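The structure appears below as structure tokens.
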There are 2 protein chains.
Amino acid sequence: MSFPFIEACRGRATDRTPVWLMRQAGRYLPQYRAIRSRVSFLDLCKNPELAAEVTLQPVDFLEVDAAILFSDILIPVEAMGMELRYEPGPVFTNPVRDAAAVSALRVPVVQEEVPFVYEAITLLRQELQGRVPLIGFGGAPFTLACYMVEGQGSKDFATPKRLMYQAPRIYRELMDKITETSRRYLEAQITAGAEAIQIFDTWGGILAPTDYRRFVLPYSRRLIAALEAHGVPIIHFVKGAGAMLETVREAGGQVMGLDWCTPLGRARDQLGEEMAVQGNLDPSVLFAPEAVIEDEVRRILEENAGRAGHIFNLGHGILPMVDPQKAAFLVRCVHRLSSGG
Amino acid sequence: MSFPFIEACRGRATDRTPVWLMRQAGRYLPQYRAIRSRVSFLDLCKNPELAAEVTLQPVDFLEVDAAILFSDILIPVEAMGMELRYEPGPVFTNPVRDAAAVSALRVPVVQEEVPFVYEAITLLRQELQGRVPLIGFGGAPFTLACYMVEGQGSKDFATPKRLMYQAPRIYRELMDKITETSRRYLEAQITAGAEAIQIFDTWGGILAPTDYRRFVLPYSRRLIAALEAHGVPIIHFVKGAGAMLETVREAGGQVMGLDWCTPLGRARDQLGEEMAVQGNLDPSVLFAPEAVIEDEVRRILEENAGRAGHIFNLGHGILPMVDPQKAAFLVRCVHRLSSGG
């Protein structure tokens, strides 16, 4: 029982390069939109049967090498006592901006407060029957803090940065609570059956490398160390971190997720043989004709130069306007070209 | 008559590090907001007297080492025949998405169609009387294309990327027209009296390095080469390019603008002695207490390690919520610490 995806996470050679796509369960699939026409995004996350169903859709359709739980990184944050809405981007009606608000946050007993996450994982393991491994995931503490302090998405997240600089103690108390919540949340995913964990640090790259080191790295490292003790591979994806990979590397994990702005070959040279990598096709390339997609797959495989420990993926989530047939072509292309076809 | 700013652009040693701030004429200044309460953003850009007045405000208040023309990168695009509104972000009501729309674009006779730009420069040179040099500026062709095709700002500019991959000939025809417009627009700024030119490529960093090389570099290089022939320093700022500085360097220019995600010391090592650098404080640091600002200035000066050819700046535009006193403190701090104070 050795999945190519897990083998590659562990830096071992595989017959062909395993591939999955970030947000592979999502809006570009008509079968996903059919379900979403009946149920809101948040209700879908909280319904184990439906969450499991949309998780499996791309496994059936794309024949990817891993399933990733359909959920949202803000689910555990809502359980900390924050009011979450999607309109359609996430909005917290009560952003956390002072000591009192941080104190009021709870570190939830996740099994009781977000049981649907673990029920979905249990269901999925049953339904997958070992076809492909199941990836669990969560947000990195800093990315969660960005949303909690800003209250919504932002171009520059000036509000959390201001808190970080003006009130570092409050910031650190907040990060401690988020890190502990995330630890519980993700350990319980592993206990429920997640066979790998991806940490998404969508906003870690908005910081100068020196600030990343001071304000982000200690928390991501603490979280990843706790999860690594459980023996499943940890994928750490910090978007926009191409100029500070060595620093991000110190957070640990077996696999570094790479966005498309980071040359994969150079990243591997910098990170060394010990660390596997995941990535890194520009999601927009799926708008291109098949010949261009094939050229890009070939280029990325050539940048990897046959090294073990490469999981093919996009450099960020698949875009909603993508033709599902193009996504399926990409997966076939990776399999074919990486097995000498 | 040797300005420290110009000397540093040319890679020569200066008594103290010159400093200016991107968007130093802007919303964080009450004296700017006072004028904007009477006139719209676009009308302000088009009124030479008022544009000159707001250009000078930060020169008086901050005592920076350079003035930068108050204007907007989309001014020449409007003159190509596009309808521009601010609500408050830029919106083109007729985005360019097919061959017919590209054909319909004009390459304007800039002196006739945007005369206010050149009148403002003439006025400014008179009013500055050699106090500090005047920087002119424009958008890089790719960044202008992003707005023209998408029609507005965007997280991922999927529409221009789709055009680039699906219809490379139409994309290249568009880029040719923009590059020629930009060449005329910026050459006329130099003729009118601009003593340096900054090219803003705000979105160049959203591309994979291989795509940057194919779809952006030829146009930026062509534009910069034409401007360099006039003998004024060219600053080339590509945001988010930390993982492909060597590629961006091939576009030419005397100074590479660095965002705050790129370690300045490593960038200098990569770029070599021939190229000056500008940057790279995180604009959010201006929310921090003065002691933190001072530490960050010291860190950046230490990363530069006394090398000639460093212009201090933020890594992107100053944020609207910043206290003007903090900006003035920053400028004093750079001057004091870089002159051994």
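Is there a residue in the stretch A:128-140 that is farther than 30 Å from A:Ala241 by Cβ, surrounded by fewer than 24 Cβ atoms within 10 Å (Cβ to Cβ) and without any contact (Cβ under 8 Å) to a residue 12 or more places away in the chain?
So far as the stretch A:128-140 goes, yes, one or more of its residues are farther than 30 Å from A:Ala241 by Cβ, surrounded by fewer than 24 Cβ atoms within 10 Å (Cβ to Cβ) and without any contact (Cβ under 8 Å) to a residue 12 or more places away in the chain.
Would you mind listing the helices (runs of 4 or more DSSP H) fully within the stretch B:82-165 where at least 3 residues are modelled with pLDDT of 95 or more and within 30 Å of B:Ile311 (Cα to Cα)?
B:115-128, B:141-150
Identify all residues within the stretch B:240-253 that are surrounded by fewer than 21 Cβ atoms within 10 Å (Cβ to Cβ) and in a loop (DSSP other than H, G, I, E, B); write none if there are none.
B:Glu250, B:Gly252
Of all residues in the stretch A:223-239 being away from chain B (no Cβ under 14 Å) and either small (Gly, Ala, Ser) or in a loop (DSSP other than H, G, I, E, B) (or both), which is surrounded by the most Cβ atoms within 10 Å (Cβ to Cβ)?
Applying the filter and picking the extreme gives A:Pro233.
Name the residue that is farthest from the other protein chains (Cβ to nearest Cβ), counting only residues in the stretch A:242-259 that are within 14 Å of A:Ala140 (Cα to Cα) and among the hydrophobic types (A, V, I, L, M, F, W, C).
Among them, the one singled out is A:Ala251.
Quickly run through the stretch B:263-279 and pick out the residues that are at the interface with chain A (Cβ under 9 Å from one of its Cβ atoms) and in contact with a helix residue (DSSP H, G or I) (Cβ under 7 Å, 6 or more places away or on another chain).
B:Pro263, B:Ala267
Under 7 Å between Cβ atoms, at least 6 apart or on separate chains: pull out the pairs that start in the stretch B:207-222 with a residue that is within 11 Å of chain A (Cβ to nearest Cβ) and surrounded by fewer than 23 Cβ atoms within 10 Å (Cβ to Cβ) and end on any residue that is in a helix (DSSP H, G or I) and among the basic types (Lys, Arg).
B:Thr210/A:Arg299
Please pick out the residue among A:Arg184, A:Arg172 that is more than 14 Å from chain B (Cβ to nearest Cβ), surrounded by fewer than 22 Cβ atoms within 10 Å (Cβ to Cβ) and under 27 Å from B:Cys261 (Cβ atoms).
Only one candidate qualifies: A:Arg172.
The values are calculated or read from the model by the stated rules, or taken from the named source; none is laboratory data. Everything quoted here is computed from the prediction, not taken from an experiment. Neighbour counts run over all protein chains shown; Cβ positions are idealised from the backbone, glycine included.
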